[in-house]
Amino acid sequence: PVQSPLQSGSSQSPVQSPLQSGSSRGPLRSNRLVLLQLLRLILNSLCSSLIREHFYLSIPKNWTDAQSYCRKYYEDLATITSQEEQELLLQQAGNNVQVYKWIGLHRDTKNTNNWLWSDGNSVSFINWNEFQPNNVNGIQNCVMITGKWFDYFCASPLTFFCSKTKFILVKEKKTWEEALDNIRPTLKRLVPGSWSQVSGRSVPGQGGICEGWQ
């Protein structure tokens, strides 16, 4: 009589279902890795832009030299993302609106109608003075600030603002929600208008909301 493979001792093993073989874990694990990677990117972006300190340098330099100085000793020429942040920045210069001061905004050489920040941030806030920018003689490619913004000649020696990213490390383990509630007042004071956009999750065993996300 013909024996079945099981009766004959055949080396063939019975076909397992996907659930039995564990093959369904592949897509689940892949999705989790993708979500984790996206979360890391989001948190890295937030942590690098939330807390930005500004510094006023009363050393007259042209725009390019000011940029080099900031990149050497700080991070870059200052970026401004809101009226509140501009007010904090001007406080560093004693609110002196009579002195021209460089910020990191400059004209895009590939498209003179576009403006770029020196640190690569997109332009989300503008505060031009009336009739500005006017690009006198077609060579006003850099931006200086008094209380408003003006396009100006990049070769002019002006004082300037630098910026540097600062991270806050709270050496106390908290959930994401507890950590966020704890630092909200500080974030609001340092960079108004940005703190409310924080979202994500905590990292078990880490001391702060940014620490540990690489």
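Read-outs throughout are calculated quantities, based only on the coordinates presented, and are distinct from any laboratory measurement. All values reported here derive from a predicted model rather than from experimental measurement. With ideal geometry, Cβ positions are generated from the backbone for all residues, glycine too; neighbour counts draw on all protein chains shown.
The largest-to-smallest principal axis extents of the Cα set in segment 52-165 are 31, 28, 26 Å.
With each label modelled as a point 7 angstrom along the Cα→C-beta vector, the ASN127-ASN114 pair spans 2.5 nm. Net length available on complete extension from ASN135 to THR175 is 9.3 nm, with 0.36 nm assigned per residue and the Cα-Cα distance removed.
Taking the fewest neighbouring Cβ atoms within 10 Å as the starting point, the ordered list for LYS72, LYS164 is LYS72, LYS164. Fewest neighbouring Cβ atoms within 10 Å first, the residues CYS154, CYS162 line up as CYS154, CYS162.
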